[in-house]
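What follows is a short report on a single structure.
The values are calculated or read from the model by the stated rules, or taken from the named source; none is laboratory data. These numbers come from a predicted model, not from an experiment. In this analysis, Cβ positions are derived from the backbone assuming ideal geometry, glycine residues included, and neighbour counts consider all displayed protein chains.
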Amino acid sequence: MDTNTIYRQVERLSELLRVDLRLAGSSQNLQPVQIEVLHYLSMCNRYSDTPMSVTEYLGQTKGTVSQTIKVLESKALIKKQVDEKDKRLLHLLITNKGRRVLEHCIPSPVFEQTCESFTALKQVAIAEALKQLLDAVQENSQMKSFGVCHECCHCVKSERLYCQFLEQPLTESDSEKICRLFKKDEAAGDL
């Protein structure tokens with residue numbers, strides 16, 4: 001199989017997922033980018049829930065993200081919270097209403113049914129292959145990878161989880177979410 005074949009398959013899958021996202025969003029009176037922001041905020045840890053992190057993750061302009069945040073806040077799907085230690089830093093928190101909306105949109109029923117039609121072994125194989133592809137594309141694109149915190153080289157696992165980069169302890173919840181500071185743990189090999 002050649003690169004063009006893989007690209008066409010991933011591109012077509014991406015387009016089908018975007019169509020599902022548009023349909024789901026319209027039923028909630030939301031644009032796809034608004035659902036994407038909610039989805040990101042549901043996955044990221046407290047070090048990555050800032051407007052700048054959203055901008056980096058989605059590859060959108062600051063203006064688009066700013067307007068999207070205003071709409072989501074006006075609909076009470078997210079709320080802003082000033083950082084306790086650094087008053088210049090603004091956190092974006094998804095509300096319970098935002099989580100309920102997101103549950104109706106991601107994953108789409110079609111995608112969920114499709115994945116459930118595969119055996120558990122096939123699901124694992126697909127997930128592993130997609131992770132390898134994602135890791136390689138992220139590494140080659142020179143963009144932030146936003147990986148899962150506990151898989152990061154900065155995460156130290158001893159009596160407590162600790163981020164060496166931030167010099168702060170991590171909660172179990174933070175360590176299971178994606179982080180903008182993620183750097184692949186080369187010593188761990190392929191995860």
**Q.** Test: residue in the stretch 85-107 that is touching a residue at least 40 places away in the same chain (Cβ under 8 Å), touching a strand residue (DSSP E or B) at 6+ places or on another chain (Cβ under 8 Å), exposed (fewer than 15 other Cβ atoms within 10 Å of the Cβ) and under 26 Å from residue 69 (Cβ atoms)
**A.** yes
Q: Check residue 84 against each of (1) modelled with pLDDT under 95; (2) outside any loop (DSSP other than H, G, I, E, B) and name the one condition it does not meet.
A: (2)
Q) Inside the stretch 43-60, can you point out the residues that are assigned to a loop (DSSP other than H, G, I, E, B) and either more than 17 Å from the chain's Cα centre (by Cα) or closer than 16 Å to residue 145 by Cβ (or both)? A) 45, 47, 48, 59
Q: Return only the number of the condition from (1) aliphatic (A, V, I, L, M); (2) more than 28 Å from residue 9 (Cα to Cα); (3) in contact (Cβ under 8 Å) with a residue 12 or more places away in the chain that residue 110 does not satisfy.
A: (2)
Q: Being closer than 15 Å to residue 44 by Cβ and touching a residue at least 60 places away in the same chain (Cβ under 8 Å) is the filter here, so list the residues in the stretch 138-154 that pass it.
A: 144, 146, 149
Q) What do you reckon, is residue 64 under 30 Å from residue 172 (Cβ atoms), assigned to a helix (DSSP H, G or I) and of a type in the set (S, T, N, Q)? A) no
